[in-house]
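Structure first, commentary second.
The values are calculated or read from the model by the stated rules, or taken from the named source; none is laboratory data. These figures come from a predicted structure and were not determined experimentally. We place every Cβ from the backbone using ideal geometry, glycine too, and count neighbours over all the protein chains shown. SASA here: full protein model, heavy atoms, side chains in, ligands and nucleic acids out. Shrake-Rupley method; radii C 1.70, N 1.55, O 1.52, S 1.80 Å.
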Amino acid sequence: MQYGFTLPADYDMAIIDERIRTKGPLLDGFPHLRFKAYLSARKNDAGFTSVENLYAPFYLWDAPEGIDGFLSGPGFATLSRDFGWPAVRTWIVWHAEIGPEIKSARYASQRITTISAYSDLAAQRETASASVHSAVQNGALASVVGFDPSCWTQVKFDLWRNPPAQPQPDTQMYAVGHVSLPTEK
């Protein structure tokens with residue numbers, strides 16, 4: 001699941017940094033949450049090629065009850081009050097791998113691509129799943145791939161300790177300010 005906000009070019013992104021710092025830990029241990037990566041991108045940041053200021057958290061849930069619990073809860077109500085009512089994108093997860101060092105993620109890459117009409121979805125899922133495994137072997141701390149059959153898109157999302165040397169074209173890079181995880185038992 002992901003929602004995002006495009007912020008004005010002159011927006012003080014330190015406000016987003018502070019929001020992540022103070023509100024990020026509030027979702028640690030949230031029911032059915034595998035992880036939430038608090039993501040931001042700054043326009044014309046020397047390290048990224050973002051054309052806009054963005055705040056766009058990415059979530060991986062274990063069950064739909066987690067999505068409902070969050071969207072129906074006070075955290076999302078506060079977010080909507082502060083930034084507006086966002087469109088929430090969801091994907092059916094084809095494959096996800098989460099490594100033990102996910103908490104040390106500082107960068108994220110996300111690529112959303114169109115799935116061609118009449119594609120062999122089973123073959124596409126197999127290829128996408130292999131890309132998750134490959135990303136983890138190449139240093140990703142977590143990797144997720146999923147698809148949205150309502151608009152026929154595929155998402156590939158990776159978390160990194162260091163930015164990838166050469167992201168694929170059309171990849172949005174983000175800074176990761178906090179990663180919320182399940183409470184350890």
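Which residues, counting only those in the stretch 115-171, are in a loop (DSSP other than H, G, I, E, B) and farther than 28 Å from LYS103 by Cα?
Hits for the stretch 115-171 are ILE115, SER116, ALA117, TYR118, SER119, ASP120, PRO149, SER150, CYS151, TRP152.
For the stretch 1-41, name all the residues that are of a type in the set (Asp, Glu) and either farther than 16 Å from VAL176 by Cβ or modelled with pLDDT under 95 (or both).
ASP10, ASP12
When you look at TRP91, is it of a type in the set (A, V, I, L, M, F, W, C) and on the phi > 0 side of the Ramachandran plot, yes or no? Full working, then the answer.
On the way: of a type in the set (A, V, I, L, M, F, W, C): yes; on the phi > 0 side of the Ramachandran plot: no.
No; evaluated as a whole, the condition is false for this residue.
Somewhere in the stretch 149-157, is a residue surrounded by fewer than 14 Cβ atoms within 10 Å (Cβ to Cβ), closer than 25 Å to THR114 by Cβ and of a type outside the set (A, V, I, L, M, F, W, C)?
Yes: the stretch 149-157 contains one or more residues that are surrounded by fewer than 14 Cβ atoms within 10 Å (Cβ to Cβ), closer than 25 Å to THR114 by Cβ and of a type outside the set (A, V, I, L, M, F, W, C).
Across the stretch 1-20, what is the total count of residues that are open to solvent by 80 Å² or more (accessible area, probe 1.4 Å) and within 17 Å of the chain's Cα centre (by Cα)?
1
Could you list all residues from the stretch 158-176 that are closer than 11 Å to SER109 by Cβ and surrounded by 15 or more Cβ atoms within 10 Å (Cβ to Cβ)?
If the condition is that a residue be closer than 11 Å to SER109 by Cβ and surrounded by 15 or more Cβ atoms within 10 Å (Cβ to Cβ), then ASP158, LEU159, TRP160, PRO163, PRO164, PRO167, THR171, GLN172, MET173, TYR174, VAL176 are the ones that fit.
Looking only at the stretch 98-114, count every residue that is in a loop (DSSP other than H, G, I, E, B), in contact (Cβ under 8 Å) with a residue 60 or more places away in the chain and open to solvent by 30 Å² or more (accessible area, probe 1.4 Å) and tell me the total. Don't jump to the end; show me each part of the working.
At the first step, the residues of the stretch 98-114 found to be in a loop (DSSP other than H, G, I, E, B) are 99-101, 105-106.
With in contact (Cβ under 8 Å) with a residue 60 or more places away in the chain added as a condition, the list becomes 101, 105-106.
Right, trim to open to solvent by 30 Å² or more (accessible area, probe 1.4 Å) and you get 101, 106.
Counting residues in the stretch 98-114 that are in a loop (DSSP other than H, G, I, E, B), in contact (Cβ under 8 Å) with a residue 60 or more places away in the chain and open to solvent by 30 Å² or more (accessible area, probe 1.4 Å) gives 2.
Strands (runs of 3 or more DSSP E) wholly in the stretch 1-97 with at least 3 residues that are in contact (Cβ under 8 Å) with a residue 40 or more places away in the chain and within 28 Å of ALA165 (Cβ to Cβ) - which ones?
33-41, 53-55, 58-61
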